[in-house]
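No lab work stands behind these numbers, since they all come straight from the coordinates. What you see is a predicted model; the values in this text were computed from it and never measured. Using ideal geometry, Cβ is built from the backbone for each residue, glycine included, and neighbour counts are taken over all protein chains shown.
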Amino acid sequence: MTRRNLRDNIFKILFKLEFNTIDEMEEQIGFSLDEIPDLSDEDKAYITDKAGKIISLIGDIDNIISEISVGWSIERIGKAELAILRLAVYEIKYDDDIPVNVAISEAVQLSKTYCGEDARSFVNGVLTKLND
């Protein structure tokens, strides 16, 4: 599975956080993994590990998003955009294996796929501020 596909699946798991409690997310990750056809053990471990790390840091990540998204509270940000931002902020701040420009570019691509027309500019703008 490509990194883009792995990231896409992690985004889908993070999106479920908006409809479940943190305590329910371990089970939700399992449900999500069961829905992915032909998932290798390595890819399963990668998705589980990264999604788990992001969820464990959700308070810190949300604080970062709140600080840089001036005029937009966490509650006001669209659910898909928020999941994308959470993934990208994690990659930028906590994942040394992902270059910042790749994290931003991939977040913009996810927003093109899953969000409205204005989302890509919003996501790009917020993440660019984080990188300044």
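Among the chymotrypsin sites (Phe, Trp or Tyr not before Pro) in the range 1-89, those placed in a DSSP loop whose Cβ has at most 14 other Cβ atoms within 10 Å are PHE19.
Please find the FRET efficiency linking GLN109 to MET1, where r is the Cβ-Cβ separation and R0 is fixed at 22 Å, and quote it to the nearest 0.05.
Numbers: r = 16 Å, r/R0 = 0.73.
Computed FRET efficiency for GLN109 and MET1: 0.85.
A full extension of the chain between ASN131 and ILE58 corresponds to an added length of 24.4 nm, given 0.36 nm per residue minus the alpha carbon distance. Between GLU117 and LYS79, the FRET efficiency from the beta-carbon distance, with R0 = 25 Å, is close to 0.90.
Compactness of the chain, taken as the C-alpha radius of gyration over 2.2 N^0.38 Å, stands at 0.99.
For the range 3-131, relative contact order (Cα pairs under 8 Å, six or more residues apart, normalised by length) works out to 25 percent.
When the range 3-131 is described by a simple charge dipole with +1 on each Lys and Arg Cβ and -1 on each Asp and Glu Cβ, the residue from VAL102, ALA51, ASN124 located farthest towards its positive end is ASN124.
Expected output is a single nm value to one decimal: the length gained when fully extending between GLU24 and ALA45, i.e. 0.36 nm times separation in residues minus the C-alpha distance. What is it?
5.7 nm
On a 19 Å Cα-Cα criterion, which of the cross-link pairs LYS44/LYS112; LYS12/LYS79; LYS16/LYS53 come out too long?
In this structure, LYS44/LYS112 lie more than 19 Å apart at Cα.
From the largest down, the range 14-55 spans 27, 19, 14 angstrom on the principal axes of its Cα atoms.
Over the residues of the chain, the helix contribution to mean residue ellipticity at 222 nm works out to -23000 deg cm²/dmol, using -39500 (n - 2.57) for each DSSP H run of at least 4.
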